[in-house]
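Q: A single structure is presented below for examination.
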Amino acid sequence: MTNSEKLFQKAVQVMPGGVNSPVRAFGSVGATPRFIQKAAGAFLYDEDGNQYIDYIGSWGPMILGHARQEVLDGVIEACKRGLSFGAATAAEVEMAELVCGLVPSVEMVRMVNSGTEAVMSAIRLARGYTRRDKIIKFTGCYHGHSDGLLVAAGSGVMTAGVPDSLGVPEGCTKDTLSANYNDLDSVKGHFERCGEEIAAVIVEPVAANMGVVPPKPGFLEGLRGLCDAYGALLIFDEVITGFRLGLDGAQGFYGVTPDLTTFGKIIGGGMPVGAYGGRREIMELVSPVGGVYQAGTLSGNPVAMAAGIAQLTFLKGHPECYADLNQQADKFYGEMEQTLRRCGQPWRVNHVGSLGCLYFTETEVVDYGSAKTSDTELFAKYCNYMVGHGVYLAPSQFEAMFLSLAHTQEMLHGTLGIMEEYFSNALF
């Protein structure tokens with residue numbers, strides 16, 4: 001029995017499912033989790049001494065790779081000064097100035113502790129600003145586990161219930177309307193029926209919790225137009241895409257400006273942090289200035305701020321790294337498609353920049369319904385083979401792959417070689 005298996009046997013006795021987040025569970029691929037001991041660059045190392053090329057990157061934030069020295073130095077120095085104060089710090093101001101300076105649509109920002117908290121707070125703010133209750137989200141888009149958003153959600157819940165979790169009263173989701181991603185008519189229908197009641201549309205500008213689904217041309221622009229026409233706010237959930245596709249996120253990548261934006265762990269260098277921000281007139285409704293209450297005693301934690309400042313400062317000082325990373329990703333995902341064709345496999349590869357996903361379906365994946373056509377049993381076999389050969393993938397068909405600046409051409413070429421070996425010999 002491996003050390004990971006031994007640890008898992010202990011874990012299931014004291015933690016539900018043996019994990020602290022369902023996305024870490026390997027049950028959907030019929031395996032047990034690898035327990036990770038350390039990470040460096042593009043590599044993970046488990047408790048049995050196995051090395052993996054990491055394509056999860058702590059679910060996105062490790063764009064510089066693991067244990068980047070500039071980030072470690074900032075964290076160590078911050079730790080020497082104290083782990084938490086519960087009081088205002090200069091680091092919070094510096095972080096806020098960085099975010100506002102890099103993302104033009106964000107004139108003010110509030111730090112929180114997770115992407116879930118950021119989205120929950122942004123939704124409350126949108127309702128407070130518009131004095132309306134209803135929101136529109138998209139089937140298969142995941143915005144955290146707050147009650148009102150666990151409706152037709154993606155990521156670890158990818159199921160068809162409404163709501164998607166026990167313990168969520170129907171009353172919590174009655175004002176949540178679901179539309180189809182990449183389908184403007186489904187959004188327009190909601191506005192035509194109850195446009196005066198809709199506070200906001202929230203969307204992942206690149207859907208990255210049902211695999212990776214790019215927006216069709218005109219989709220994001222159409223959402224902007226509908227929100228403007230009906231007086232609703234447009235919220236971009238950039239927990240995954242923020243500072244990942246570029247310094248100004250997906251909104252800069254696609255040239256569409258939201259009213260509010262949510263960010264995740266990438267602004268903390270991988271440490272627990274999130275943020276939401278937007279136009280000044282909207283953000284000034286947040287307490288203690290305005291009447292929309294939101295608080296967090298650990299928000300703006302000085303250690304997390306130090307990590308985030310180090311990471312964002314590096315990215316700001318090296319904007320060319322995005323072009324390099326996205327170009328490398330285009331080549332990698334393109335060669336992945338070529339590998340599949342060479343092996344006679346009809347599966348689909350979607351990607352935007354360094355985000356990508358291999359779907360085990362012949363159907364073009366443009367929304368939740370087409371994503372669900374992917375054969376999860378085939379994915380499970382593939383995932384176990386790749387992990388077993390040193391390529392660490394998310395144990396779910398519906399999660400993204402993340403490339404980082406630490407991935408080398410040699411690593412990517414090696415990954416493609418293992419993939420080709422599998423698809424050349426696999427019996428479907």
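The values are calculated or read from the model by the stated rules, or taken from the named source; none is laboratory data. Bear in mind the structure is a predicted one, so any value in this text is a computation, not a measurement. Quick reminder, even Gly has a Cβ in these numbers, built from the backbone with ideal geometry, and neighbours come from all protein chains shown. Heads up: the accessible areas ignore ligands, DNA and RNA and are worked out on the full protein's heavy atoms, side chains in. Shrake-Rupley method; radii C 1.70, N 1.55, O 1.52, S 1.80 Å.
Q: Please report the spacing between the Cα centers of the range 307-330 and the range 50-76 in Å, no decimals.
A: Between the Cα centre of the range 307-330 and that of the range 50-76, the gap is 13 Å.
Q: I've got another one for you. Sort 406-417, 135-146 by the packing proxy (mean of other Cβ within 10 Å over each peptide's residues), most packed first. Show your work: numbers first, answer last.
A: Working: 406-417: 16.0, 135-146: 24.8.
By packing density, highest mean first, the sequence is 135-146, 406-417.
Q: Next question. Taking all protein chains in place and a 1.4 Å probe, what share, in percent, of the accessible surface of the chain do carbon and sulfur account for?
A: Numbers: 9360 of 17740 Å².
Answer for the chain is 53 percent, counting heavy atoms of protein chains only.
Q: When ranked by the protection proxy of mean other Cβ atoms within 10 Å per residue, highest first, what sequence do the peptides 208-220, 257-269 form?
A: The most tightly packed comes first, giving 257-269, 208-220.
Q: Ok, one more. Please identify, among LEU166, LEU83, LEU223, the residue showing maximal mean-square fluctuation in a Gaussian network model of the chain using a 10 angstrom Cα cutoff.
A: Looking only at LEU166, LEU83, LEU223, the biggest GNM fluctuation is shown by LEU166.
Q: Restricting to DSSP H runs of at least four residues, report the calculated mean residue ellipticity at 222 nm for the chain, -39500 (n - 2.57) per run over all residues, nearest 500 deg cm²/dmol. Don't skip to the answer; put the middle values down first.
A: Details: 14 runs with 164 residues, N = 428.
Helix contribution divided over all residues of the chain: -12000 deg cm²/dmol.
Q: Please give me, ordered by residue number, the trypsin sites (Lys or Arg not before Pro) of the range 164-248 that lie in loop per DSSP and have at most 16 other Cβ atoms within 10 Å.
A: Passing both the DSSP loop test and the Cβ count: LYS174.
Q: Starting from the Kirkwood Rh over alpha-carbon pairs, what translational D in µm² s⁻¹ does the range 246-303 have by Stokes-Einstein at 37 °C and 0.692 mPa s?
A: Answer from the Stokes-Einstein relation: 250 µm²/s.
Q: Another question, then. Between (i) 0.95; (ii) 1.02; (iii) 1.15, which entry matches Rg/Rh (Cα atoms, Kirkwood Rh) as derived from the coordinates of this structure?
A: Given (i) 0.95; (ii) 1.02; (iii) 1.15, the calculated one carries the label (i).
Q: If you count the DSSP beta bridges with both ends in the chain, what percent of them are antiparallel, to the nearest 5?
A: Working: 25 of 43 bridges.
Once the DSSP bridges in the chain are tallied, antiparallel ones form about 60 percent.
Q: Rolling a 1.4 Å sphere over the protein heavy atoms, what is the accessible area per residue of the range 177-257, to the nearest Å²?
A: With all protein chains present, the range 177-257 gives 31 Å² per residue.
Q: Residue by residue, what Karplus-based ³J(HN,Hα) values in Hz, rounded to whole numbers, does the range 40-50 have, using 6.51, -1.76 and 1.60 with θ = phi - 60° and x for Gly and Pro?
A: 7, x, 9, 10, 10, 10, 8, 5, 9, x, 7
Q: Taking only protein heavy atoms and a 1.4 Å probe, what accessible area per residue, in Å², does the range 66-139 have with all protein chains in place? Walk me through the intermediate numbers first.
A: On the way: 3620 Å² over 74 residues.
Averaged over the residues of the range 66-139, the accessible area is 49 Å².
Q: Sticking with this structure for a sec: Taking the Cα centre as origin and putting +1 on Lys and Arg beta-carbons and -1 on Asp and Glu beta-carbons, what dipole magnitude results for the chain, to the nearest 20 debye?
A: Roughly 600 debye, rounded to the nearest 20.
Q: Next question, about the same structure. Students often get this wrong, so check it: of LYS134/LYS372; LYS38/LYS331; LYS188/LYS316; LYS38/LYS216, which have C-alpha atoms separated by over 31 Å?
A: LYS188/LYS316; LYS38/LYS216
Q: Under a crude label model (7 Å from the Cα following the beta-carbon direction), how far is GLU94 from SER424 in nanometres?
A: 5.1
Q: Long-range amide H contacts for ASP375: which residues qualify at under 5 Å (H placed 1.01 Å from N, peptide plane, sequence gap of 5 or more or a different chain)?
A: Correct list: PHE360, THR361.
Q: Taking every DSSP beta bridge that has both residues in the range 232-388, what percent is antiparallel when rounded to the nearest 5?
A: Here the antiparallel bridges make up roughly 65 percent for the range 232-388.
Q: Check which residues have an amide H placed less than 5 Å from PHE402's amide H, if you skip close sequence neighbours.
A: ILE56
Q: Name the residues whose placed amide hydrogens come within less than 5 Å of the amide hydrogen of GLY140, ignoring near sequence neighbours (fewer than 5 apart) on the same chain.
A: Under 5 Å from the amide H of GLY140: ALA153, GLY154.
Q: Suppose all protein chains stay in the model; what accessible area per residue would a 1.4 Å probe give for the range 297-396, in Å²? Display every interim value, and only then the final one.
A: Values: 3870 Å² over 100 residues.
On a per-residue basis, the range 297-396 sits at 39 Å².
Q: At a 10 angstrom cut-off on C-beta neighbours, averaged per residue, how do the peptides 101-113, 24-36 rank from highest to lowest?
A: Highest mean packing first, the order is 101-113, 24-36.
Q: Could you please state, rounded to a whole Å, how far the C-alpha centre of the range 249-287 is from the C-alpha centre of the range 338-366?
A: 30
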